[in-house]
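What follows is a set of notes on a single structure, which appears directly below.
Just so it is clear, none of the values below were taken in a lab; they were calculated from the coordinates. Predicted model, so just to flag it, every value in this text is computed and none were measured. Note that each Cβ is placed from the backbone with ideal geometry, even for glycine, and that neighbours are counted across all protein chains shown.
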Amino acid sequence: MEHPHMGLAASTVGSVTVLSVHGDVDLSSAPLLEEYAFRLLDDEPGSLVVDLTDVQFLASTGMALLVELSRRTAGRAGFAVVANGTATARPLELLGLCEMFTVRASLDEALTDIGGERARCRE
């Protein structure tokens, strides 16, 4: 799915659905991300990883959506976020969201640690 400032793509790694986000997650693009992510959850994946590696801007609406995705997957699917830059990892860390869901610096780490210990944003 495309937006002028954001792109979305989904792939599967085993039972994990990976939602890759590119560009800016802001007030105008977050609703598209929400719609796409909720559709992915309708397919009941074993786990969902939201990969923010290529996100240059993450607004509060995007962070609120990550909290909602964490809530919706609780008890039925694993959930992790890939965030490794000042635009993504730092805000998640400052807001304490690393305590709410798994945040890892790379997709490989997220796939390995999904559903595991949460209290680590980056290393």
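Considering the range 1-37 alone, what residues qualify as being farther than 18 Å from Phe79 by Cα, buried (at least 18 other Cβ atoms within 10 Å of the Cβ) and of a type in the set (Ser, Thr, Tyr)? It would help to see each step written out before you state the result.
If we filter the range 1-37 for residues that are farther than 18 Å from Phe79 by Cα, which is where we start, we get 1-7, 22-32.
Imposing the further condition that a residue be buried (at least 18 other Cβ atoms within 10 Å of the Cβ) reduces the set to 3, 6, 22, 24-25, 29-30.
Matches in the range 1-37: Ser29 only.
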Self-check item: Selection from the range 79-94 of residues that are surrounded by fewer than 15 Cβ atoms within 10 Å (Cβ to Cβ) and part of a loop (DSSP other than H, G, I, E, B)
Solution: Thr86
Quiz item: From the set of residues in the range 38-62 that are touching a Ser or Thr at 6+ places or on another chain (Cβ under 9 Å) and among the acidic types (Asp, Glu), which is surrounded by the most Cβ atoms within 10 Å (Cβ to Cβ)?
Solution: Asp51
Exercise. Please find, among Leu66, Leu92, Leu97, the residue that is in contact with a Phe, Trp or Tyr (Cβ under 8 Å, 6 or more places away or on another chain) and closer than 18 Å to Glu34 by Cβ.
Key: Leu66
Quiz prompt | Lone unmet requirement of (1) more than 23 Å from Thr112 (Cα to Cα); (2) hydrophobic (A, V, I, L, M, F, W, C); (3) in contact with a strand residue (DSSP E or B) (Cβ under 9 Å, 6 or more places away or on another chain) for Ala64 | solution = (3)
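Looking at the range 50-58, is at least one residue outside any strand (DSSP E or B) and either hydroxyl-bearing (Ser, Thr, Tyr) or more than 13 Å from the chain's Cα centre (by Cα) (or both)? Steps first, answer last, please.
Restricting attention to the range 50-58, the residues satisfying the condition of being outside any strand (DSSP E or B) are none.
Within the range 50-58 (the criterion being outside any strand (DSSP E or B) and either hydroxyl-bearing (Ser, Thr, Tyr) or more than 13 Å from the chain's Cα centre (by Cα) (or both)), the answer is no, since none of the residues qualifies.
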